[in-house]
Structure formats: structure tokens, C-alpha cells
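These notes concern the structure reproduced below.
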Amino acid sequence: MPYFTDIYQADLSHREKAVYQYLKDRADMGGSCWPGVRTIMKDLNLSRRTVQRALADLERRRIIRRQPRYRENGSETSNLYIME
């Protein structure tokens with residue numbers, strides 16, 4: 001729990017905190033994870049737009065970095081999220 005202390009004390013909305021904690025919980029040792037928005041929505045019981053706003057806000061605050069990922073055929077797959 002100590003790694004959430006800064007997030008608990010930060011001036012973040014409840015949606016930002018929930019999504020950040022979700023990503024942090026799923027991150028590998030390097031601080032990266034790649035859940036889809038649909039997966040985050042389902043697991044946190046949030047709407048698509050709420051998840052999208054939270055991700056955008058976290059990225060704007062430079063708490064996470066989002067890196068698009070693509071399949072071999074050029075179609076998009078889930079983003080890679082890197083904890084900053």
C-alpha cells in the first residue's frame with residue numbers, strides 16, 4: 001500500500017485514483033500494462049467515457065504515459081500504459 005500514498009494525497013478525482021490504482025495493480029515490474037478500455041470499464045464498473053476521461057487526465061498530469069499499439073495488419077489493439 002505505500003506506493004499509493006502519493007496518489008491518496010494528490011488532488012485527483014475519484015475516477016483518476018481508481019483507474020490509476022487499477023493500472024498500477026496490473027503493471028509489470030517495469031511499470032507497464034496494457035488493459036483495454038472495455039476491460040477497465042468492466043472491472044471497475046465505470047462507463048467508457050469515464051474511463052477515457054480518467055486516462056486522459058492521468059496522461060495530461062504526466063502520471064501515466066500512453067503508447068498506442070498496433071497489430072501486424074495495422075489495426076489498433078489496446079494501448080500500452082507506462083506508470084511515470
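The values are calculated or read from the model by the stated rules, or taken from the named source; none is laboratory data. Predicted, not measured: the structure shown is a model, and the values here were computed from it. Heads up, the Cβs are rebuilt from the backbone with ideal geometry, glycines too, and the neighbour counts pull from every protein chain shown. Side chains included, ligands, DNA and RNA excluded: accessible areas come from the protein's heavy atoms. Shrake-Rupley method; radii C 1.70, N 1.55, O 1.52, S 1.80 Å.
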Problem set entry | Among the residues listed as Thr39, Thr5, the single one being at pLDDT below 95 and at negative phi | Thr5
For this session: Test Arg65 against the criterion of being within 13 Å of the chain's Cα centre (by Cα), part of a strand (DSSP E or B), surrounded by 12 or more Cβ atoms within 10 Å (Cβ to Cβ) and modelled with pLDDT of 95 or more, and give yes or no.
Result: yes
Seminar exercise, completed: In region 31-42, anything without any contact (Cβ under 8 Å) to a residue 40 or more places away in the chain and either part of a loop (DSSP other than H, G, I, E, B) or in contact with a Phe, Trp or Tyr (Cβ under 7 Å, 6 or more places away or on another chain) (or both) is listed as Ile40
For this session: Tally the residues that are in contact (Cβ under 8 Å) with a residue 12 or more places away in the chain, basic (Lys, Arg) and out of contact with any strand residue (DSSP E or B) (no Cβ under 9 Å at 6 or more places or on another chain), restricting the search to region 43-84.
Result: 3
For this session: Confirm whether Glu72 is among the charged types (D, E, K, R) and not in a helix (DSSP H, G or I).
Result: yes
For this session: Just need a number here: residues in region 68-79 that are surrounded by 10 or more Cβ atoms within 10 Å (Cβ to Cβ) and either among the hydroxyl-bearing types (Ser, Thr, Tyr) or farther than 16 Å from Arg38 by Cβ (or both).
Result: 2
Exercise. Mind checking which residues of region 18-30 are outside any helix (DSSP H, G or I) and open to solvent by 50 Å² or more (accessible area, probe 1.4 Å)?
Worked result: Asp28, Met29, Gly30
